[in-house]
Structure formats: structure tokens, C-alpha cells
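Working notes, structure below.
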Amino acid sequence: MQIRVLLACLLLLIPGCFSEEAGPDFNGTDLGKMDVYKFKLSDQNQSDYSLTDEEGKVVVLAFVYTRCDDVCLLIANNLKIAKSKLTQEELDKVSFVSVTIDWRHDSPEVLKNWSEDKGLDWPHLTDWNSDEIHNTYEEYDVIPYDDETYQDIHLQPVYILDSNLDGRVVWTEYDWPIDLFMEDLRTVIDLEE
């Protein structure tokens, strides 16, 4: 009888020993560990920028454009506030990056003026009608701006990538609660420790 009880207890415990650990709970959309496109574009200073240069850091990746006077301004301002809430130790582990969705208009000079005017101190990327910019849009499920067909209401994703550059969470609402976004960002930072 004691052997049966012991075997029954072991049978109940063994599956727990071999199951995968549950991942973190995110407020945004959980991507698991999504493989993301490692783009190479140009920043507002006309310097080459490669996403792979950020390996080892958590990356907040947003898609905005300078002629947008509503959604993109909310996203950019939310990111600016989120960045200001990070401690110096957290800032050392995180990079913020924006990619324009309006490559026809957003030249490096336009991006530089816009980012300086808005007080946004992170790389803003573009590329002139290259396969690279189009592949970036496609791989991140972003609709590029087009004067004739673009919708007035548009949702641009903000991704949080872990230090291995795997997509962990995405926010698709344009006016997301900063406190919940910060929870997700800090969760991803903590995954790296």
C-alpha cells in the first residue's frame, strides 16, 4: 500500500519536473521569443545603423513619421516619458530606436530637425526606397505612409526586443498606458539578469 501511495505521488510530481517554465506575463501582446528582422538603415546623422549593434541591450523599437500630427506624436511622447522613468542602471541596458514609415519625406535632415525639436535623443532611421526599408516594414508588419492610400487612423507597433534581439512584446495601441508599458519593459530588462 505504501509503495502505491509513493508511486502515485511520484506520478503527480514528475510532469512538473519536465514541463517548461511559464514565460513572463506581459500587458502588451506576448511574442514569445519571436525572431525579428535585423535591419541596416541610416540614422538622422547620415550614419549607418545596424540593429545587430544593439545586441546585448533591450531595444524599444517604434515606427513613426514626422508629418504625423497625432498618433506618432503620442507614441514619441510616450517613449520620451518612458525613457525618463528609467534609472541610470536601466538606461545602460536599454536602447530606443525609431524607424520612419515615410521614407519619401523623412530624410536624415528632416528626422534630425524633428527629433531635436521634440527632444527625442535616440536614433531615428530611414533609407531611400531601398529593399532594406521595405523589408523592414514587411517583417515588422508596418504599413508605410503613402499620400494617396494611407489611412488617417493608423496603429504603429512599438516592439520590446530582448538582449538577444528576439521580439518579446509588442504594443499596437497608439496611446498605451505608460505604467503598463514600463512594467513590460522592466520585465524584459529583468529577464536579462
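Structure notes:
- Per-residue ³J(HN,Hα) for region 175-187, Karplus 6.51 cos²θ - 1.76 cosθ + 1.60, θ = phi - 60°, Hz, x for Gly and Pro: 10, 6, x, 4, 5, 6, 4, 4, 4, 5, 4, 5, 4
- Environment charge of Asp184, counting only residues whose C-beta is closer than 15 Å and scoring Lys/Arg +1, Asp/Glu -1: -4
- Here Lys57 is the anchor, and the lysines within straight C-alpha reach of less than 16 Å, apart from those fewer than 8 places off in the same chain, are Lys33, Lys38, Lys83, Lys93.
- Residues Arg186, Arg104, Arg168 ordered from highest to lowest accessible area at a 1.4 Å probe: Arg104, Arg186, Arg168.
- Net charge over other residues, Cβ less than 15 angstrom from the Cβ of Gln88 (K, R count +1; D, E count -1): +1
- Estimated vicinal HN-Hα couplings, Hz - region 132-144 in sequence order (Karplus 6.51, -1.76, 1.60; Gly, Pro = x): 4, 5, 5, 5, 4, 4, 4, 5, 9, 6, 10, 9, x
The values are calculated or read from the model by the stated rules, or taken from the named source; none is laboratory data. Because the structure is a prediction, the values reported are computed rather than measured. We place every Cβ from the backbone using ideal geometry, glycine too, and count neighbours over all the protein chains shown. Please note that ligands, DNA and RNA were not included when accessible areas were found on the heavy atoms of the full protein model with its side chains. Shrake-Rupley method; radii C 1.70, N 1.55, O 1.52, S 1.80 Å.
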